[in-house]
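*Asks:* Shown below is the structure under consideration.
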Amino acid sequence: MAGSKEIRVAPEVMIRLVRAMFARAGCSEKEASDIAERLTGANLRGHDSHGVIRVPRYLQWIEAGRQKINQTIEIVMENEVMAIVDGKYGFGQSVGEQTVDLGLKKVKAQGLALTALRDAGHLGRIGDWAERAAAAGIASIHMVNVRGSLLVAPFGGRERRMGTSPFCIGIPVRGGDPVVLDFATSTVAEGKALVALKGGKALPEGSLIDAEGKLTNDPWPLYGDVPEGKAPEPYGGPGALTPFGGHKGSGLNFMMEMMAGALTGSGCAGGPDEPERRPFCNGMLSIFIDPDRMDSGGVMADEIRSYITFVKNTRPAEGVAEVLVPGEKERMTLAERSAGGLPLAPEVWDDILASARKLGFSENELETLGS
Ligand code: NAD
């Protein structure tokens, strides 16, 4: 966040306010709590792109019928080890949890399980799902695509053909914190461009490509000019995000479309000869593995811990304090922000309060919720 401008909001205040807002919008108490805790949880772990900055957009999506409140997953096909489930455009914070819990039930019985979630609302920070599995002692892989979301140009191209398709792997660590790798396959997640557009942290050079095919860090080519009173949508601009890691990241992104878009039946980001954008949803293919079924002697658990130590002991490069393993940065940020509050660009906080007023909250109510 741009240092001098940032404000700090206590996490419990944010959770209380966001929970009240989604309850007012018609979500059940549980769904409103899950949305508030998971969005605030993303900010707490340093992923502001998938945090409370999304509140105005989620509320607009409810209004537009693009994301539906209080949904329960529908089983399309199920056997002992796998399930295809329809998220019915329900909030990802709900249908994601229901799907992961179904996968956990199956993996506990069978040692291995697969879930294919189609037509889910926004699933947020995918690390949430790997952490939920790891808390149950289960390793998991999550491949996600975003149907209808054309944001990323393939390697070598300047036109949008892909989403930001996140990839996530979580490994439980006996007696310790899990290792969780969780990233978008674009150079930056779209929400990070949104944070930059709103005066937050600047993007790395080359995060975007403009209509002339030139690399830039300006988020404008993604959003274009934002109409007065509207939340920025990343479809107004003439440019695109770039995939991370050149041709390799672009290839991984492509495969997320195959696994999470095509194999789940959810659908890929776009298709040729379609004048309208496909309706937005997340697809998620998840694989769950019970390590205890593969290794009853605890050798695997020792090996996991010993390799973490081996990597952590690497002599750091110049200017680097310490070598981190996946998930460690998030835990460090969680500790810092739990104590010091969530840093927010004032515009993000103002947008949330404006959305609350639109829902009918009075200044008195906002003062009580905010104190
Ligand atoms: P990022 O670039 O910050 O990368 C995060 C990963 O890198 C984490 O695993 C982290 O532990 C690791 N990491 C960070 N710094 C490190 C260091 N110094 N050393 C070693 N490892 C380090 O993440 P991102 O690409 O900006 O993604 C942000 C979030 O957006 C993710 O949670 C992702 O799931 C989410 N996302 C969701 C969707 C969706 O449609 N639901 C789409 C895109 C992204």
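*Asks:* Which aspartates and glutamates, on any chain, are close to residue 88 with Cα under 12 Å apart, when same-chain ones fewer than 8 places away are left out?
*Replies:* Partners found: 74, 119.
*Asks:* Of all the stretches in the chain, which is the longest one without any exposed loop site, taking GluC sites (Glu not before Pro) in a DSSP loop (any state but H, G, I, E, B) with at most 16 other Cβ atoms within 10 Å? Spell out each step's value before the answer.
*Replies:* On the way: sites that count: 80, 159, 205, 212, 228, 276, 318, 322.
Segment 1-79 is the longest.
*Asks:* Further question on the same structure: Taking each pair of different alpha-carbon atoms in segment 270-371 once, compute 1/r for the pair, average those values, and report the inverse of that mean as the Kirkwood hydrodynamic radius in Å to one decimal.
*Replies:* Averaging 1/r across every pair of different Cα atoms and inverting gives 20.2 Å.
*Asks:* Evaluate the Debye formula for segment 91-229 with equal point scatterers sitting on the alpha carbons, no solvent, and hand back log10 of I(q)/I(0) at q = 0.15, 0.17, 0.21, 0.22 Å⁻¹, in q order, two decimals.
*Replies:* The Cα Debye sum returns log10 ratios of -0.83, -0.97, -1.22, -1.28.
*Asks:* Please report the base-10 log of the normalised intensity I(q)/I(0) for segment 196-339, using a Debye sum with one equal scatterer per alpha carbon and no solvent, at each q in 0.09, 0.14, 0.16 (1/Å).
*Replies:* Treating every Cα as an identical point scatterer, log10 I(q)/I(0) equals -0.52, -1.12, -1.26.
*Asks:* Of all DSSP beta bridges in the chain, what percent run antiparallel (nearest 5)?
*Replies:* Details: 39 of 46 bridges.
Around 85 percent antiparallel, to the nearest 5.
*Asks:* Where only protein heavy atoms count, and the probe is 1.4 Å, what is the accessible area per residue for segment 1-131 in Å²? List each step's numbers first, then the result.
*Replies:* On the way: 4700 Å² over 131 residues.
The answer is 36 Å² per residue.
*Asks:* While we're on this one: What does the net charge come to around residue 83 if you take all other residues with beta carbon closer than 13 Å to its beta carbon, with K and R at +1 and D and E at -1? Intermediate results must be reported in sequence, preceding the final value.
*Replies:* Numbers: positive: 105, 106, 118; negative: 74, 78, 80, 86, 101.
With Lys, Arg at +1 and Asp, Glu at -1, the net is -2.
*Asks:* Here's something else I'd like to know. Under a crude label model (7 Å from the Cα following the beta-carbon direction), how far is residue 76 from residue 313 in nanometres?
*Replies:* Modelled inter-label distance: 4.8 nm.
*Asks:* Next question, about the same structure. From the C-alpha coordinates alone, can you work out the Kirkwood hydrodynamic radius of segment 1-108, in Å?
*Replies:* Its Kirkwood hydrodynamic radius stands at 15.2 Å.
*Asks:* Each residue of segment 304-317 in order: what ³J(HN,Hα) in whole Hz does its phi give by Karplus 6.51 cos²θ - 1.76 cosθ + 1.60, θ = phi - 60°, with x for Gly and Pro?
*Replies:* Per-residue couplings from phi come out as 4, 5, 5, 6, 4, 4, 4, 6, 4, 7, 4, 5, x, 5 Hz.
*Asks:* Considering only DSSP beta bridges where both residues belong to segment 1-148, give the percentage that are antiparallel (nearest 5).
*Replies:* 40 percent
*Asks:* Further question on the same structure: Can you give me the long-range amide H partners of residue 139? Hydrogens built in the peptide plane at 1.01 Å from N, cutoff under 5 Å, separation of 5 or more residues or another chain.
*Replies:* Amide H to amide H, under 5 Å and 5 or more residues apart or across chains, residue 139 pairs with 289.
*Asks:* Pull up the cross-link candidates among the lysines for residue 198, meaning alpha carbon to alpha carbon under 22 Å and not fewer than 8 places away within one chain.
*Replies:* The reachable lysines, counting only those whose Cα sits under 22 Å from residue 198, are 5, 230, 358.
*Asks:* Pick out which of 157, 265, 341 has the largest mean-square fluctuation in a Gaussian network model of the chain, springs linking Cα atoms closer than 10 Å.
*Replies:* 157
*Asks:* Moving on. So what is the diffusion coefficient of segment 212-267 in µm² per second by Stokes-Einstein at 20 °C and 1.002 mPa s, using a Kirkwood Rh over Cα pairs? Show your work: numbers first, answer last.
*Replies:* Details: Rh = 13.4 Å.
It comes out at roughly 160 µm²/s.
*Asks:* Please report the relative contact order for segment 1-63, taking Cα pairs under 8 Å with a sequence separation of at least 6, and give it as a percent rounded to a whole number. Kindly include the intermediate steps, with their values, before the conclusion.
*Replies:* Details: 42 pairs, mean separation 15.7, N = 63.
Here the relative contact order equals 25 percent.
*Asks:* Applying the Karplus parametrisation 6.51 cos²θ - 1.76 cosθ + 1.60 with θ = phi - 60° to the phi angles of segment 347-361, what ³J(HN,Hα) value in whole Hz is obtained for each residue in order, glycine and proline being reported as x?
*Replies:* So the J values, rounded to whole Hz, are 4, 5, 4, 4, 5, 5, 5, 4, 5, 5, 5, 4, 7, x, 5.
*Asks:* Under the 0.36 nm per residue contour assumption, what length would be gained going from the current alpha-carbon distance of residue 357 and residue 324 to full extension? Intermediate results must be reported in sequence, preceding the final value.
*Replies:* Details: separation 33, 0.36 × 33 = 11.88 nm, distance 4.20 nm.
Gain on stretching residue 357 to residue 324: 7.7 nm.
*Asks:* Taking only protein heavy atoms and a 1.4 Å probe, what accessible area per residue, in Å², does segment 150-202 have with all protein chains in place?
*Replies:* Value for segment 150-202: 41 Å² per residue.
*Asks:* Give me the percent of the accessible area of the chain that comes from carbon and sulfur atoms, probe 1.4 Å, all protein chains in place.
*Replies:* Details: 9350 of 16720 Å².
Carbon and sulfur atoms account for 56 percent of the accessible area of the chain.
*Asks:* Separate question: Compute the Rg/Rh shape ratio of the chain: radius of gyration over Kirkwood radius, all on alpha-carbon atoms. Walk me through the intermediate numbers first.
*Replies:* Details: Rg = 20.4 Å, Rh = 21.3 Å.
With Rg and the Kirkwood Rh in hand, the quotient comes to 0.96.
*Asks:* I would also like to ask the following. Give me a comma-separated list of calculated 3J(HN,Hα) values for segment 93-108, in order, Karplus coefficients 6.51, -1.76, 1.60 applied at θ = phi - 60°, integers in Hz, x for any Gly or Pro.
*Replies:* Working through the residues one at a time gives 4, 9, 6, x, 4, 4, 5, 4, 5, 5, x, 5, 4, 5, 5, 5 Hz.
*Asks:* Sticking with this structure for a sec: Cut-off 10 angstrom, C-alpha nodes, Gaussian network model of the chain. Which of 33, 355, 306 fluctuates the most?
*Replies:* 306
*Asks:* Let me ask something else. Leaving ligands, DNA and RNA out of it, rank 72, 185 by accessible area with a 1.4 Å probe, largest first. Numbers along the way, then the final one.
*Replies:* Details: 72 85, 185 0 Å².
The ranking, largest first, comes out as 72, 185.
*Asks:* So which residue, out of 351, 292, 86, gets the largest mean-square fluctuation from a GNM of the chain using Cα contacts under 10 Å as springs?
*Replies:* Ranking 351, 292, 86 by mean-square fluctuation puts 292 first.
*Asks:* Return, for the Cα atoms of segment 242-316, the radius of gyration and Dmax in Å, separated by a comma.
*Replies:* 19.4, 57
The values are calculated or read from the model by the stated rules, or taken from the named source; none is laboratory data. Keep in mind it's a predicted model, so treat the numbers as computed, not measured. In this analysis, Cβ positions are derived from the backbone assuming ideal geometry, glycine residues included, and neighbour counts consider all displayed protein chains. Surface accessibility is based on the protein's heavy atoms, side chains included, excluding ligands, DNA and RNA. Shrake-Rupley method; radii C 1.70, N 1.55, O 1.52, S 1.80 Å.
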